[in-house]
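Only one structure is covered here, and it is reproduced in the block below.
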Amino acid sequence: MSFTESALDPEAMNQARTLLEKPQPRERIWPVLGAAGLLAISALAFATAMIMAPPVISEHVLKSAP
């Protein structure tokens, strides 16, 4: 048998230490999905605006001057 200086059971102490440890924080997926969704919606809105926009027609001002 191993000699311990403490009267406490080492196995019980190890179990108590594991129970007292802080739980590991879980990684959240919702912020990532929200950012990706917002980016997709803004990209679709920009593409729709570019398709629906009237064509750019430029005419020189002096061309029609008298």
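The values are calculated or read from the model by the stated rules, or taken from the named source; none is laboratory data. The structure displayed is predicted, hence computed values, not measured ones. Methodologically, a virtual Cβ is constructed for each residue, glycine included, from the backbone with ideal geometry; neighbour enumeration extends over all protein chains shown. Just the protein is used for accessible areas: all its heavy atoms, side chains included, with ligands, DNA and RNA removed. Shrake-Rupley method; radii C 1.70, N 1.55, O 1.52, S 1.80 Å.
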Margin query: Can you give me the % of accessible surface on the stretch 6-58 that is carbon or sulfur? Probe 1.4 Å, all protein chains present, nothing else counted.
Written below: 69 percent
Notebook entry, point to check: Counting only heavy atoms of protein chains, what accessible area per residue, in Å², does the stretch 1-62 have with a probe of 1.4 Å?
Noted result: 110 Å²
Check: Given 0.36 nm per residue, what is the gain on full extension from Ala7 to Met52 after removing their alpha carbon distance, in nm?
Finding: 8.1 nm
Next item on the list: Work out the charge dipole of the stretch 3-59 with +1 on the Cβ of Lys and Arg and -1 on the Cβ of Asp and Glu about the Cα centre, then indicate which of Leu38, Pro10, Ala49 is farthest towards its positive end.
Entry: Ala49
